[in-house]
Each structure stands twice: as structure tokens, then as C-alpha cells.
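S.K.: Handing you this structure, nothing more for now.
Each reported figure results from applying straightforward, stated rules to the coordinates on display, with no laboratory input. What you see is a predicted model, and the numbers here were worked out from it, not measured in a lab. Cβ atoms come from the backbone with ideal geometry, glycine included; neighbour counts cover every protein chain shown.
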Amino acid sequence: MMFQRNQRLSTNLLSNFKYLRALKLRYLPLTTLPNSFGALKHLKDLDLSQCRGLQELPRSFYKLPSLQSLNLEDTGLKQLPDSVQRMFTTLPDGMQYLKSLQTLVLFDCAKLVSLPRSLKFLSKLENLKITSCRRINLEMDPEEEEDYLQLSLKTFSLFQLRALRDLPRLLLQGSSSTLQQIQITWCRQLSVLPAWLLNLTSLQELRIDGCKNLSALPEGIGRLTNLRQLTIVGCPQLSKRYRQNEGEDWHKIAHIQKVHIHHVSADEEASTDAEFTDED
């Protein structure tokens, strides 16, 4: 079911579609969703992208047991509400809400600073993509670092996160036996990949693009025996260090089946930097 920009989303309207499985609300001038949203027990796919006035999600939103795909691209959400965490910690079973969610995309949520710890209850989550959320840093409190999120992520993508200085250990190590693909693009503050990355034993593909301050891959990358594809684009320090048959550390990645290293020209880098700046 798809709504047009000038349509209103009313409680009565939703009540007529209790068996709805897919709902697209793109570009609607919404500020919130009606509480009756929680009655859509069969809803699997929800697209809220471009709802720039959307400030919050109702409590009933977290009573969607069949939800598998959620797109929050370019919404006005300031955070995934604290009420989510409060509800999760008071649930008798702790796994009721969004328990079927498989894909979560956060795109251009300019005010989003962090992810809630209640993310750990999304046991079916396989694909997480965070793009152009300029304030998010994914940092966790030190005392939380020992309590890894027991997720089952398969793909993890970060694109243009200006505040990101380190990869989220708490988030990724809980998926060490399932995570197959990591993509890191235009994270300019990222200068090092942590040693614990080598614990992600199921990792098959690693792509790093436009991280020009990143100077090295983790020492001992050969321990990632399932890593079959490594792509490095627009990372001058990495390109020089791991250049095929020439770089000082080429031998450390020579065992990987597919290695693609592309050194971006000065003109290409200037064009990319201009685009990056224009997004501010």
C-alpha cells in the first residue's frame, strides 16, 4: 500500500487494513504515527523515508511482531526513543517487539547521536546500514563493553559518518560468527581499525572507500581465513602500504583471493572532497 504526499494517515484508515503486509509512507508530512499503528500485526515492510517532519515514533510502533524491513531514510527522528529501551527492560519475555526485523536502514538522520542498547533485542536483525548520520559516533560506555550485543548481523555498512572515530566493538563482536560483509565509506575521522576486528571469523568481504586518514589494516589480518575479497578505494595511505607486489605490507594480504586497490587521482579526490563538503 502506498500513500501520496497530500494524503493523511488516519486511525480509521489503518483499522481497515489490519492484514497489511507492506506500507510505503514516503514524503508524507507526518510528525508522528497514530497509536493504532501497533494493530498492523502482519506488517512486514515499512518505508518511512523522506518523512522529514517525523519527530517520534509511537509506543505502539514497537508492537509489530512481523516487521522485517524498516527504512528511516531522511526522517526528522532525533533518536530511537528512550521509551523503546524502557519498554524492553520491563517486558516479561523481553523479545516481543520487532522480533522479526531483518533489515534496518538509517539514512540522513542528521540529529541521531547514538543507537539504543535495546538494539540487542533485535535477534533476527541481519542487515544494518547507517548512512549520512553526521552526529552519530556509535560509542558505548566503557562498562558496556563487556556486554556484547548477541546479534546475528550478516552485513554492516557505514557511509559518511563524520563523527565516527572507531568501529562499534559492542555492536560487532556479538556477531562474530555470522558477520560476512563490512563496508566503510567516507568515514574521514577513522584513523585505525581495531585489533578485535580479527575476532570476526566469518568475515568474507571488507570494503574501505574514501577513508583517507586510515593508515593500516589490523596486524595479523591473515587470521581472517574466510576473508575472500578486500577492496580499498581512495585511501592513499592504505593504497601505498598494500600495493600489489610493491607495498611494504603487500605480503600480509597476498593470500586473499580477490584484492582490489584503487588509488584515486588528485582530480578525483578533489571532486570527492567537494561533494563531501557540499553535504554539510
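S.K.: From the Cα gyration tensor of region 118-231, with a ≥ b ≥ c the square roots of its eigenvalues, which class applies: rounded if a/c is under 1.5, or else prolate if a/b is larger than b/c, or else oblate?
M.R.: Taking the square roots of the gyration eigenvalues as a ≥ b ≥ c, region 118-231 is rounded.
S.K.: Further question: Mind giving me the FRET efficiency for Arg26 and Gln150? R0 is 41 Å, r the Cβ-Cβ distance, nearest 0.05 is fine.
M.R.: 0.80
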